[in-house]
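The values are calculated or read from the model by the stated rules, or taken from the named source; none is laboratory data. Predicted, not measured: the structure shown is a model, and the values here were computed from it. Neighbour counts run over all protein chains shown; Cβ positions are idealised from the backbone, glycine included. Calculation scope for accessible area: heavy atoms of the full protein, side chains included, ligands and nucleic acids excluded. Shrake-Rupley method; radii C 1.70, N 1.55, O 1.52, S 1.80 Å.
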Amino acid sequence: TLPADSAFPGRIGDVWSWNSDSADYVAASLIEGGEAYFVLFDRDTIVSIGGEPLTAISKTVSPGWNTLGGIRPRSFLPSIAASSTADLDIILYHYDPIEQNYIQSKTLSPGQGAFILVLDSGDINLTE
C-alpha cells in the first residue's frame, strides 16, 4: 500500500479507481497492488514504484465490469481464466490515450490496468 501522492507526483487532479459494486469511479488515496488506476498527466510520464515485484494476487470480484492491475510477468487471459474461480469474458480492455478509446487485448502487462467483464462471482488469480 502506497499513498497516491507518493506514487503519482506531478499528476493533474485525483487518482481514480473503478468501484464495481457501485459501477462508478471513486477517488483513491491509497494505491494497492493488483488494482487499476486512472491518472492524468499533462505530458508523457514514466511512473516507477519501488519494492518487490508482485508475482501473485487474488482478487474477489462480482458480476459486471471490474478492473485488474498487471503483475510480473505478463499475464495471458486464458491462464488468468484457468486459474480463477470467477466466470470471465475472454477479452480485456485497455485505454489507449493516443487513440482515446478502449482496445481489446488478451494480455495484461506489469504496471498496466484493464477492464474485464465478470459473468459470475469468484476470485481472479494472477500468478507467475
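Tabulated data for the structure shown
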item	result
Matching residues, region 91-128, being of a type outside the set (A, V, I, L, M, F, W, C), without any contact (Cβ under 8 Å) to a residue 60 or more places away in the chain and part of a strand (DSSP E or B)	93, 94, 95, 96, 101, 102, 104, 105, 107, 120
Residue satisfying all of: in region 36-56; modelled with pLDDT of 90 or more and touching a Ser or Thr at 6+ places or on another chain (Cβ under 6 Å); farthest from residue 79 (Cα to Cα) among these	37
Selection within region 84-104 - out of contact with any helix residue (DSSP H, G or I) (no Cβ under 8 Å at 6 or more places or on another chain) and over 20 Å from residue 25 (Cα atoms)	84, 85, 86, 87, 89, 98, 99, 104
Residues of region 31-65 satisfying the condition of being farther than 21 Å from residue 115 by Cβ, of a type in the set (A, V, I, L, M) and free of Cβ contacts under 8 Å to residues at least 40 places away in the same chain	46
Residues of region 72-94 classified as of a type outside the set (A, V, I, L, M, F, W, C), closer than 21 Å to residue 37 by Cβ and open to solvent by less than 50 Å² (accessible area, probe 1.4 Å), total	2
Residue in region 15-32 that is surrounded by 12 or more Cβ atoms within 10 Å (Cβ to Cβ), part of a loop (DSSP other than H, G, I, E, B) and hydrophobic (A, V, I, L, M, F, W, C) present	yes
Some residue of region 96-103 being at pLDDT below 90, at negative phi, touching a strand residue (DSSP E or B) at 6+ places or on another chain (Cβ under 8 Å) and open to solvent by less than 30 Å² (accessible area, probe 1.4 Å)	no
Residue among 28, 23, 81 that alone is in contact with a strand residue (DSSP E or B) (Cβ under 8 Å, 6 or more places away or on another chain) and closer than 22 Å to residue 5 by Cβ	28
Subset of region 104-128 (residues that are open to solvent by 90 Å² or more (accessible area, probe 1.4 Å) and under 16 Å from residue 76 (Cβ atoms))	104, 106, 128
Residues being surrounded by fewer than 16 Cβ atoms within 10 Å (Cβ to Cβ) and touching a residue at least 40 places away in the same chain (Cβ under 8 Å) - total across region 1-14	1
